[in-house]
Amino acid sequence: MSILLTGGAGFIGSHTAVELISAGYDIVIVDNFSNSSKEVLNRLKVITGKKIHFYNGSILDKVFLNNVFYENDIEAVIHFAAYKAVGESVEQPLKYYSNNLTGTLVLLEVMRNHHVNHIVFSSSATVYGMDNISPLTENLKTSATNPYGYTKVMIEQILTDVAFANKEMSVTNLRYFNPIGAHESGLIGEAPNGTPNNLVPYISQVAIGKLKELSIFGNDYDTPDGTGVRDYIHVVDLAKGHVAALKNNLKNTGSAVFNLGTGHGYSVLELVKTFEEVNHVSVPFVIKDRRAGDIATCYADSSKAKEVLDWTAETTLQDMMRDSWRWQSKNPNGYQS
């Protein structure tokens with residue numbers, strides 16, 4: 001039996017694929033390369049020593065997705081496939097609601113038709129909104145500040161409702177905090193299209209000279225150095241969290257939610273300083289006004305994942321910065337040769 005990874009060629013999906021194979025699972029990847037590269041599949045083969053069973057297509061295509069299930073004995077799904085740029089979601093909300101919500105509904109319908117009752121969902125800490133106080137626990141009220149975030153809130157609710165209606169269903173919602181880093185080989189990592197939306201890829205591209213300087217939005221927050229504090233987790237730790245969540249999911253029914261973070265907050269300036277020190281590079285930056293919607297501090301309480309899944313993040317910030325730079329320096333243009 002196989003584990004289906006929707007969006008499995010993406011940043012988090014590809015690292016999870018490596019860890020699943022390492023743990024002895026057979027996997028099938030579905031991806032349409034809207035935010036990933038075919039080269040990922042070659043890199044995964046080099047890392048794992050196995051040819052990846054792959055389908056090129058969209059989960060919005062019900063006929064295509066049905067064929068994937070007909071041709072494979074799917075035991076469970078890890079659902080990564082979604083658009084994920086916050087700013088773009090504000091500019092194009094219909095694109096995000098249509099893709100993220102409809103894709104999930106089609107996937108769930110096909111799973112039902114093929115009697116597949118196990119799903120792990122790629123959610124986000126963005127579902128905690130702006131009003132909750134860190135450390136954030138899974139029982140807090142959810143909300144959002146942009147269409148991307150609302151798609152995560154809505155999909156969590158849809159999955160919870162499906163699990164309530166179908167007593168054989170097992171749903172696991174994983175709320176990620178801020179994934180960074182890359183595989184230690186430097187073969188796979190985060191390769192954003194155009195200008196990066198996330199902090200560490202932006203730092204990396206400034207360090208390598210692709211971008212002039214880093215903009216830090218606000219240095220007057222109520223934090224130790226005035227810059228925003230977030231919970232950054234190594235993508236490999238996050239991938240191992242998916243393996244732990246899958247094992248738990250396969251043994252249970254009902255709906256569960258887990259934070260996946262380190263439980264520790266790092267400021268923007270702390271990241272920049274650590275990146276410079278570990279990698280012996282310079283990252284010029286400028287301070288700009290705060291952005292609307294940003295909060296001072298956001299970090300996880302991941303004690304539930306430790307207790308129930310026997311999972312905890314193990315990688316240091318120094319390792320995260322080192323692996324991020326190794327990926328960037330070995331692949332200055334991402335997966336493009």
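The values are calculated or read from the model by the stated rules, or taken from the named source; none is laboratory data. Just so it is clear, the structure is predicted and the values come from calculations on it, not from any experiment. As a convention, Cβ positions derive from the backbone with ideal geometry for all residues, glycine included, and neighbour counts pool all protein chains shown.
When N99, N139 are screened for being modelled with pLDDT of 95 or more and under 26 Å from R43 (Cβ atoms), only N99 passes.
Is segment 230-242 home to any residue that is surrounded by fewer than 20 Cβ atoms within 10 Å (Cβ to Cβ), hydroxyl-bearing (S, T, Y) and touching a residue at least 12 places away in the same chain (Cβ under 8 Å)? For segment 230-242, residues surrounded by fewer than 20 Cβ atoms within 10 Å (Cβ to Cβ), hydroxyl-bearing (S, T, Y) and touching a residue at least 12 places away in the same chain (Cβ under 8 Å): absent.
Here Y55 does not qualify as more than 20 Å from A245 (Cβ to Cβ), over 16 Å from the mean Cα position of the chain (by Cα) and either touching a residue at least 60 places away in the same chain (Cβ under 8 Å) or in a helix (DSSP H, G or I) (or both). Each residue in segment 274-294 was checked for being acidic (D, E) and within 27 Å of G87 (Cα to Cα), and 2 pass.
Inside segment 137-152, can you point out the residues that are among the hydrophobic types (A, V, I, L, M, F, W, C) and either touching a helix residue (DSSP H, G or I) at 6+ places or on another chain (Cβ under 6 Å) or crowded, with 22+ Cβ neighbours inside 10 Å (or both)? Of everything in segment 137-152, just one residue is among the hydrophobic types (A, V, I, L, M, F, W, C) and either touching a helix residue (DSSP H, G or I) at 6+ places or on another chain (Cβ under 6 Å) or crowded, with 22+ Cβ neighbours inside 10 Å (or both), namely A144.
Hey, does segment 301-317 have a residue that's touching a Pro at 6+ places or on another chain (Cβ under 6 Å) and within 24 Å of T223 (Cβ to Cβ)? Yes: segment 301-317 contains one or more residues that are touching a Pro at 6+ places or on another chain (Cβ under 6 Å) and within 24 Å of T223 (Cβ to Cβ). The set of residues in segment 71-92 being crowded, with 20+ Cβ neighbours inside 10 Å and in contact with a strand residue (DSSP E or B) (Cβ under 8 Å, 6 or more places away or on another chain) consists of I74, A76, V77, I78, H79, F80, A81, A82. Restricted to segment 210-319, the set of strands (runs of 3 or more DSSP E) holding at least 2 residues that are modelled with pLDDT of 95 or more and farther than 17 Å from G181 by Cα comprises 214-217, 254-260, 285-288.
Residues of segment 101-128 that are over 14 Å from the mean Cα position of the chain (by Cα) and buried (at least 17 other Cβ atoms within 10 Å of the Cβ): G103, T104, V106, L107, L108, V110, M111, V116, N117, H118, I119, Y128.
The selection criterion, being closer than 22 Å to H183 by Cα and touching a Leu at 6+ places or on another chain (Cβ under 8 Å), holds for F54. In the set (1) surrounded by fewer than 16 Cβ atoms within 10 Å (Cβ to Cβ); (2) of a type in the set (G, A, S); (3) under 25 Å from K212 (Cβ atoms), the condition left unmet by S324 is number (1). You will find that of V18, V68, V40, V30, the residue that is aliphatic (A, V, I, L, M), closer than 19 Å to A244 by Cα and crowded, with 18+ Cβ neighbours inside 10 Å is V18 and no other. Can you pull out the residues in segment 157-197 that are crowded, with 21+ Cβ neighbours inside 10 Å and of a type in the set (D, E)? Selection gives E190 alone.
The residue of segment 251-284 that is surrounded by the fewest Cβ atoms within 10 Å (Cβ to Cβ), among those that are β-branched (V, I, T) and in contact with an Asp or Glu (Cβ under 7 Å, 6 or more places away or on another chain), is T253. Just one residue in the set I180, I208, I155, I188 is touching a helix residue (DSSP H, G or I) at 6+ places or on another chain (Cβ under 6 Å) and free of Cβ contacts under 8 Å to residues at least 60 places away in the same chain; that residue is I155.
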